[in-house]
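The values are calculated or read from the model by the stated rules, or taken from the named source; none is laboratory data. Everything quoted here is computed from the prediction, not taken from an experiment. Cβ placement follows ideal geometry from the backbone for every residue including glycine, while neighbour counts extend to all protein chains displayed.
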Amino acid sequence: MSGLRHFSARVGGRSSGRRSGGRSDQGWELPRRSPGQWLRYLFSPRSVAGQVFLLQLAVVVLLVAVTVAALVVQARSQSTQAAREQVLSTGEAFANAPGVVEAIDGPDPTAVLQPRAQTARQRSGIDNLVVATPAGIRITHRNPELIGRHVVGHYREAAGGEAMTFIDEGPIGPSVYATVPVFRPDGSVAGVVIPEITVENVNEQARRQLPVLLAAGAGALVLAAAGAALVSGRLRRQTRGLGPTEITRMYEHHDAVLHSVREGVVIVGGDGRLLLANDEARRLLGLPEDAERHQVADLGLAPGIAGLLAAGRSATDEVHLAGDRLLAVNVRPVDRRGTPAAGPAGSVATLRDTTELEALTGRAEIARERLQLLYDAGVRVGTTLDVVRTAEEVAEVAVPRFADVVTVELLDPVLRGEEPDGAGTELRRTAIVGLAGDHPLYPVGELIRYGPSAPMAAGILSGGAVLERDLPGDRAWCEHDPDRARRILEHGFHSLVAAPLDARGRVLGTATFWRKGSSPPFDEDDPSFAEELAARAAVAIDNARRYTREHTLAVTLQRSLLPRALPAQSALDVAHRYLPAQGGVGGDWFDVIPLPGARVALVVGDVVGHGLHAAATMGRLRTAVHNFSALDLPPDELLTHLDELVADIDTEEATESEAPDVTGATCLYAIYDPSDGVCTVARAGHLGPALVHPDGSVAFPDVPVSPPLGLSAGLPIETATLRLPAGSRLVLFTDGLVERRDRDIDTGLGLLSDALAGHPGRDPEATCTAVVDALRPEHPLDDIALLVARTRLLDPDQVFVREVPDDPAAVPPVRADVIERLEAWGLGEIAFTTELIASELVTNAIRYGIPPIGLRLVHDTGSLICEVADASSTSPHLRRAATTDEGGRGLFLVAQCGTRWGTRYTARGKVIWAEQSLHETVTEPALSADDLLDQWSDDTF
């Protein structure tokens with residue numbers, strides 16, 4: 001029972017520790033008390049620790065008091081003995097001093113010896129030095145009045161020739177005396193010397209030692225009390241502050257608990273002996289009654305359990321066979337204090353009978369694996385928004401943990417991102433996992449028409465999983481394709497579960513789980529799990545389908561909004577690329593817009609965000625740019641109007657919480673004039689262009705940047721004027737080309753420069769290919785729009801410029817010069833029409849404009865442009881002239897004779913232009929002016 005007491009004490013400590021708040025040195029919790037409570041608790045006689053402390057303290061106080069008293073007595077004794085020796089030595093020194101005998105026998109001994117006695121007393125530190133005759137008459141004394149009087153006390157012994165010391169009451173109080181004879185040369189006693197020290201002086205010496213003695217005693221008392229407190233504290237931690245009665249009650253309680261628990265408890269010493277085994281451990285291990293104190297190896301236990309208990313190593317839920325029982329064994333090494341240690345002095349083991357649970361272990365493990373598989377499916381399925389890849393992930397997650405082979409078939413509309421039009425049984429094989437090389441199953445991409453008896457069709461029609469436990473024994477599943485079914489069986493397939501992929505009330509397809517070879521067939525619990533797995537997979541596939549639909553719509557919308565073909569123009573050779581982002585279409589766009597005067601506008605823009613809203617907003621901005629370009633606005637004014645439009649759009653959509661802002665869109669707008677090679681550029685928050693010179697060198701022109709669209713807040717937009725030689729390549733792009741998360745934009749611009757440099761003869765198409773190959777990321781996260789334009793210059797012979805005097809008489813010479821120039825260009829067939837247009841425009845400028853006035857004819861490829869400039873900013877308007885009006889018909893004639901006409905404002909006035917197409921068959925007007933006016937009816941307006 002000694003081992004039981006040892007174990008119970010430990011268990012008792014742990015039980016009490018659960019109710020406390022602090023922690024002892026063994027790791028158990030102790031009560032949280034204030035310092036005053038701890039003192040009251042320490043001095044309390046109700047606890048074992050308090051009793052022990054008070055007893056130790058009383059013993060220590062008694063020992064210290066006795067020791068101090070003995071030291072005081074010893075100090076006094078030593079002081080008295082020292083005083084005896086002092087007076088004796090002083091008396092002998094004085095008695096043997098030269099001249100003392102002669103002085104005593106002389107006529108006046110007091111006169112000679114009194115001074116010498118006073119001197120000797122002061123030097124020796126004694127209180128008195130008396131010299132007397134053998135008869136006892138004082139010769140010297142510290143009090144002269146007592147000289148000549150008889151000595152009181154012991155002196156006869158010295159008169160008889162014997163020196164001695166004693167303590168007696170003297171004239172100056174209790175004193176230590178010495179009587180020393182003074183011998184003559186013949187041996188007779190001439191006198192007696194009596195030195196004296198008072199007892200008060202002797203005690204003074206002892207008192208000087210008393211503080212030291214008391215301090216040493218106090219220190220000893222403190223140390224002893226501290227030691228007693230430590231011992232009591234240790235005892236308090238061991239007993240948890242309990243009294244003897246409580247400890248006894250706890251022992252009985254823990255002893256009852258130990259032997260009533262349903263887990264076996266075994267304590268083994270460091271020498272391999274069994275110290276304790278409770279009743280349950282005896283039952284589980286079949287131990288004899290006298291098993292304690294015997295070696296574990298000698299108890300006849302199963303080798304596995306005996307080895308584990310004897311080894312003393314840690315073990316957690318190790319299962320060992322003990323007879324017909326399966327025991328889960330937990331072992332923890334402990335040191336002599338009951339705490340884990342590296343070098344154990346023993347071990348505690350618990351035994352639990354798991355025989356009844358073993359039958360459920362397999363099913364619990366399967367359930368755990370199934371739950372883990374469902375968790376993994378939630379993590380691994382749907383990592384992309386691609387329908388085919390999601391179907392492959394469904395198959396990959398189930399092989400080989402649930403099936404040997406998994407096939408997934410989907411309806412064709414699902415693959416296209418469309419809504420399925422019903423639960424059909426005509427499916428397309430989308431994924432196969434678990435088979436390699438030649439196999440008997442339908443290949444990926446095959447359109448399969450399942451018959452009604454096939455498990456796949458039955459699952460789709462019934463809405464639940466279908467189990468075919470024994471494929472060789474049930475031939476109904478293979479009626480729609482017997483030959484393929486035979487090859488499937490020959491390949492070793494023996495069991496399958498077909499589960500429909502049903503998401504949000506729509507059947508998307510089916511997933512079939514196959515087992516073959518030595519794998520066990522599916523059982524009755526597997527279809528429900530297959531349904532759960534298929535349901536989760538179906539949601540991921542449907543999400544991918546929805547994304548595919550939205551992405552397709554956005555791409556279709558965006559491509560419909562982007563230019564399908566670049567317009568014909570002769571100023572630039574243009575090539576372009578548009579690459580949508582992998583995550584969805586964005587709002588990047590580009591445009592090439594022919595302008596009057598053979599000029600061309602180049603546009604590149606970027607709308608923030610992705611998806612349908614970005615694409616739709618891009619379309620609105622692109623349409624706005626076209627409309628503003630039709631007004632022939634300069635780049636800065638056009639971007640100012642576009643900025644106001646974006647701000648208005650955001651204001652209109654402010655009430656729609658789900659509509660993202662357009663603010664932050666960027667745009668670059670450039671106008672190139674081939675007549676002089678001047679390109680005017682403005683940008684709002686957009687990256688500047690790259691310029692490839694004819695020699696192949698690359699530069700990034702300094703174009704002033706303005707805030708993004710919608711953020712200008714009234715700030716002016718600045719422009720830059722570039723003069724481009726023929727053969728220069730102007731490269732416009734969006735940030736998706738050069739900006740990535742893993743590199744800064746400067747690095748991207750450097751890579752762009754490297755891709756453009758060094759190829760002076762490369763055309764725009766090849767330039768686009770080289771740039772895209774060099775900078776396109778593997779998985780683009782943003783759209784990329786790229787526009788490369790190679791400049792051309794009009795030949796000077798293609799432009800005719802003439803100044804016009806501010807005089808109506810200058811009109812006929814102008815007509816003559818126009819006809820002459822047209823004849824030189826080989827355009828005589830349109831001479832009359834062009835002469836009429838030039839005459840009307842020049843006449844209007846002279847009549848209503850402000851000088852200087854100029855005429856310019858531009859012979860472009862496929863068109864002839866006539867321009868008349870003046871310093872006035874007044875814009876002419878086409879109007880209907882009355883029959884009685886003398887004027888007002890000039891612009892009508894210009895509009896009827898030309899293909900189109902318009903007004904362009906410049907920094908010094910305006911330009912009125914008219915364009916005629918050279919591709920159409922041109923004839924002179926066959927109608928007179930009156931006939932033309934007759935055709936100008938109200939409907940024309």
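Below are the figures for this structure:
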{"read-out": "Tally of residues being touching a Pro at 6+ places or on another chain (Cβ under 8 Å) and in a helix (DSSP H, G or I) across the range 816-859", "value": "8"}
{"read-out": "Strands (runs of 3 or more DSSP E) wholly inside the range 568-614 containing at least 1 residues that are farther than 30 Å from N543 by Cα and under 32 Å from the mean Cα position of the chain (by Cα)", "value": "none"}
{"read-out": "Residues located in the range 882-908, provided they are in contact with a Lys or Arg (Cβ under 7 Å, 6 or more places away or on another chain) and at pLDDT below 65", "value": "G888"}
{"read-out": "Residue identified as surrounded by 13 or more Cβ atoms within 10 Å (Cβ to Cβ), more than 60 Å from the chain's Cα centre (by Cα) and modelled with pLDDT under 80 among Q78, Q114", "value": "Q78"}
{"read-out": "Check on V555, closer than 30 Å to H919 by Cβ, in a helix (DSSP H, G or I), of a type in the set (A, V, I, L, M, F, W, C) and in contact with a helix residue (DSSP H, G or I) (Cβ under 9 Å, 6 or more places away or on another chain)", "value": "no"}
{"read-out": "The one condition in (1) out of contact with any Pro (no Cβ under 8 Å at 6 or more places or on another chain); (2) assigned to a helix (DSSP H, G or I); (3) not basic (K, R) that A534 fails to fulfil", "value": "(1)"}
{"read-out": "Subset of the range 707-739 that is over 35 Å from the mean Cα position of the chain (by Cα) and of a type in the set (D, E, K, R) - its residue that is surrounded by the fewest Cβ atoms within 10 Å (Cβ to Cβ)", "value": "R723"}
{"read-out": "Sole exception among (1) surrounded by 15 or more Cβ atoms within 10 Å (Cβ to Cβ); (2) over 21 Å from D404 (Cα atoms) for S462, by number", "value": "(1)"}
{"read-out": "Which numbered condition F700 misses (of (1) farther than 18 Å from L737 by Cβ; (2) in contact (Cβ under 8 Å) with a residue 40 or more places away in the chain; (3) touching a strand residue (DSSP E or B) at 6+ places or on another chain (Cβ under 6 Å))", "value": "(1)"}
{"read-out": "Some residue of the range 298-315 being part of a strand (DSSP E or B) and in contact (Cβ under 8 Å) with a residue 12 or more places away in the chain", "value": "yes"}
{"read-out": "Evaluation of V625 against (1) touching a Phe, Trp or Tyr at 6+ places or on another chain (Cβ under 8 Å); (2) at pLDDT 80 or above; (3) not in a helix (DSSP H, G or I) (one fails), failing number", "value": "(3)"}
{"read-out": "Near pairs, Cβ below 8 angstrom, 6+ apart or cross-chain, from the range 638-661 (acidic (D, E)) to any residue that is outside any loop (DSSP other than H, G, I, E, B) and modelled with pLDDT of 90 or more", "value": "D643/A684"}
{"read-out": "Enumeration of residues in the range 427-455 that are charged (D, E, K, R) and modelled with pLDDT of 85 or more", "value": "R428, R429, E446, R449"}
{"read-out": "Among (1) surrounded by fewer than 24 Cβ atoms within 10 Å (Cβ to Cβ); (2) modelled with pLDDT of 90 or more, the one test that A670 misses", "value": "(1)"}
